[in-house]
1. Which of the residues that make up the stretch 81-96 are free of Cβ contacts under 8 Å to residues at least 60 places away in the same chain and over 20 Å from the mean Cα position of the chain (by Cα)?
2. Hey, can you tell me all the residues within the stretch 133-171 that are of a type in the set (Gly, Ala, Ser) and modelled with pLDDT under 85?
3. So, in the stretch 86-111, how many residues would count as being open to solvent by less than 30 Å² (accessible area, probe 1.4 Å) and part of a helix (DSSP H, G or I)?
4. Restricting attention to the stretch 158-191, report how many residues are open to solvent by less than 70 Å² (accessible area, probe 1.4 Å) and not polar (S, T, N, Q).
5. Could you list, in sequence order, the residues of the stretch 24-46 that are in a helix (DSSP H, G or I) and free of Cβ contacts under 8 Å to residues at least 60 places away in the same chain?
6. Can you tell me which residue within the stretch 20-45, out of those that are of a type in the set (Asp, Glu) and more than 27 Å from the chain's Cα centre (by Cα), is most open to solvent (accessible area, probe 1.4 Å)?
7. So, in the stretch 1-19, of the ones that are among the aliphatic types (A, V, I, L, M) and without any contact (Cβ under 8 Å) to a residue 60 or more places away in the chain, which residue ends up farthest from Thr61 (Cα to Cα)?
8. Considering (1) modelled with pLDDT of 95 or more; (2) within 16 Å of Val10 (Cα to Cα); (3) open to solvent by less than 60 Å² (accessible area, probe 1.4 Å), say which one Thr83 fails and leave the rest.
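The values are calculated or read from the model by the stated rules, or taken from the named source; none is laboratory data. Everything numeric in this text was worked out from a predicted model, so none of it was measured. Glycine also receives a Cβ, built like all others from the backbone with ideal geometry; neighbour counts cover every protein chain displayed. Note: accessible area is taken over every heavy atom of the protein model, side chains too, but ligands, DNA and RNA are not part of it. Shrake-Rupley method; radii C 1.70, N 1.55, O 1.52, S 1.80 Å.
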Amino acid sequence: MAQRIATEYVNASLQLTAEEMAGFVRFFEDQHIKQQVRVLENGNHEMVLEDDAGREEVRLTFERKQDLYVCALSCRIVHPRLTNAMRKAVSLFRGDAVVNRIYPHYTMIYHYAEGTVRKIVEIKNNESRVIFEFKDTVGQLEATFRVNDIEKEIEIVQVAINQLLDLRNQCSDRGQISLIDQRLAQHARALFLMEA
């Protein structure tokens, strides 16, 4: 397997509540990543993550926006422990990100939405190829089955046809019967189109 050269986070973003922010700090402690957290005067948090050998660091600034801490991040990481911890953090804390995993002869681009990989694209020799794309097939099928507008329209037209047939059976005037027949023909065409 090819050795990864670096991982780039492009326009990564996290939105954390105060409770999630505390969990975010604990998460990196559990991953044995050195960290420094500073709380600034305006309530913003600055967090510096460092690999175990102190050779690489990532600086995260969380801006306080109402009840959320919002972080926008772009960085390049080389060392595996810090790289893996960041990948897990984006997933666990439902982040959005475009992540370039750079290898000697190709780049894999991962698109995260709410912590889930939605798309993976391989870039090799200046050509891109989609490796994976999330499709919510079950959700699409459920939405299709929930849409029953046509069934309701069909039911309305069928009720109207039944009422017109009852009216026709009670009517003796040829002019009225002709008008009823015209309306029945219109409803029959509409019903045919809806059922098709």
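1. Across the stretch 81-96, the qualifying residues are Arg81, Leu82, Asn84, Ala85.
2. Answer for the stretch 133-171, where residues must be of a type in the set (Gly, Ala, Ser) and modelled with pLDDT under 85: Gly139, Ala143.
3. Total satisfying the criteria: 3.
4. The number of residues fulfilling the criteria is 14.
5. Of the residues in the stretch 24-46, the ones in a helix (DSSP H, G or I) are 24-30.
Those that are in a helix (DSSP H, G or I) and free of Cβ contacts under 8 Å to residues at least 60 places away in the same chain: Val25, Arg26, Glu29, Asp30.
6. The initial filter retains those residues of the stretch 20-45 that are of a type in the set (Asp, Glu), namely 20, 29-30, 41.
In the following step, the residues that additionally are more than 27 Å from the chain's Cα centre (by Cα) were identified as 29-30, 41.
Working: Glu29: 104, Asp30: 108, Glu41: 197 Å².
Within the stretch 20-45, the match that is most open to solvent (accessible area, probe 1.4 Å) is Glu41.
7. Met1
8. Here Thr83 clears every test but (1).
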